[in-house]
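The structure under discussion appears below in the form of structure tokens.
Taken together, the values in this text are just the output of simple stated rules run on the coordinates, not laboratory data. On a predicted model such as this, the values are computed, not experimentally measured, just so you know. Here Cβ is always computed from backbone atoms with ideal geometry, including for glycine, and neighbour counts include all displayed protein chains.
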Ligand code: UGA
């Protein structure tokens, strides 16, 4: 099987690529702006990478949609702060660019495995969110946080409509707060605009306060990335078409935790880490209003628990990694990454990552297999 992953250097993209190459004989074709998370796979003969921007290198993308069997478009802005500061950027990338890929999958009759999101359920009052029953509840327009959920919801509906009319084979998966190594870059967390687990870890490393937005009573179900990738692999295998035209939650309802408890847990794990237990100062935990933290366009989701009966039934999948182990693995990986970064000011890949957007032309030596054929 040939798989095209757009955004292959991202959190899900690079974990999935590694698993595919380690456990199957499939090939992966991938594009991304950078390749700093792909060190372990970049020289694998079944991995074909080009550095580039999917919204610029459109002909490469279309050529590879045509060439591959399954398309996984993972390029998107997925950080709540950016939904408020750059809603039109979210619309351009998350909606328009991805719609274009969906249409190419229709044109070339390719299977699409598309990342929907837990955010589409919005502020639904249901105690557990079910893929085919729960109402999708979004706030008013001036609460710009919802543009991401709205873009994703409309794409879900477009993909579904193509599928039910026989024009597209799809599986929509909905990740619920996946966490793990290299979740977000520490650079974005330094600016204070990362997702909560990365943000808290970065604050702990920098000895800055951890902010509980509006008291931190809101809850999430954190899912360890290895569990998420197990489910995605079963979706890709698609035994006896079990996932054909299905929407599937991938989350860990057993790992539900308030943001307040998350801060305490992460701080505790950090303080017990061999490299930090003798530190003199540790971050304090403070409260901030959402207005001051995110701005007026923010609105929160107070509980968000997946129902995973469908994933269990269709895929025979259940998450296995508990909350503390997931947080420990994630935190330890970030501590290691931070140390490597500190000692690698002249590391060529890191310099490159902070530099220009990929042109797709500057590291041709890394492009294996077929060259770009317009
Ligand atoms: C996320 C993002 O929208 C997407 O990455 C994704 O689609 C989805 O959820 C998912 O992974 O399932 P959210 O869970 O709200 O949304 O994002 P976080 O930034 O991780 O925030 C979680 C909670 O922590 C929010 O209630 C937020 O207000 C709070 N928070 C965040 C803090 O209390 N302090 C912080 O420093 C950051």
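Could you check how many percent of all C-alpha pairs in region 3-140 are farther apart than 23 Å?
On the way: 3839 of 9453 pairs.
Every Cα pair in region 3-140 considered, those over 23 Å come to 41 percent.
Using the count of nearby Cβ atoms within 10 Å as a rough guide to exposure, how do 164, 303, 17, 117 rank from fewest to most?
Numbers: 164 11, 303 18, 17 27, 117 21.
By the 10 Å Cβ count, ascending, the order reads 164, 303, 117, 17.
What is the percent of Cα-Cα separations in region 246-320 that go past 14 Å?
74 percent
In whole angstrom, and with the biggest value first, how far do the Cα coordinates of region 90-153 range along each principal axis?
Principal-axis extents of region 90-153 (Cα, largest first): 40, 27, 12 Å.
Would you mind ranking 298, 29 by Cβ crowding within 10 Å, fewest neighbours first?
The most exposed by this proxy come first: 298, 29.
Kindly provide the pair-distance distribution of region 11-92 built from C-alpha pairs, with 5 Å bins from 0 and whole-percent values in order of increasing distance.
For region 11-92, the pair-distance distribution reads 3, 12, 23, 22, 20, 11, 7, 3, 0.
With a 10 Å radius around each residue's Cβ, average the other Cβ atoms per peptide and rank 38-50, 2-14, highest first. Walk me through the intermediate numbers first.
Details: 38-50: 17.6, 2-14: 23.6.
Ranked from most to least packed, the peptides come out as 2-14, 38-50.
Tell me, what is a quarter of the convex hull surface for the C-alpha atoms of region 86-233, in nm² with one decimal?
Numbers: hull surface 42.3 nm².
Mean orientational projected area (region 86-233, Cα hull): 10.6 nm².
Hey, any idea what the orientation-averaged projected area of the convex hull of region 165-228's Cα atoms comes to, in nm²?
On the way: hull surface 27.6 nm².
Value for region 165-228: 6.9 nm².
For the chain, what are Rg and Dmax over the alpha carbons, in angstrom?
Using the Cα atoms of the chain, the pair Rg, Dmax is 20.1, 63 Å.
Given the peptides 240-247, 74-81, 173-180, arrange them by the average over their residues of other C-beta atoms within 10 Å, most packed first.
Numbers: 240-247: 15.9, 74-81: 21.1, 173-180: 23.5.
Descending packing order for the listed peptides: 173-180, 74-81, 240-247.
For region 197-257, what is the convex hull volume of the alpha-carbon atoms per residue, in Å³?
Details: hull volume 6.9 nm³, N = 61.
Given the Cα convex hull of region 197-257, per-residue volume reads 114 Å³.
Which distance in Å, rounded to a whole number, links the C-alpha centroids of region 28-70 and region 228-291?
27 Å
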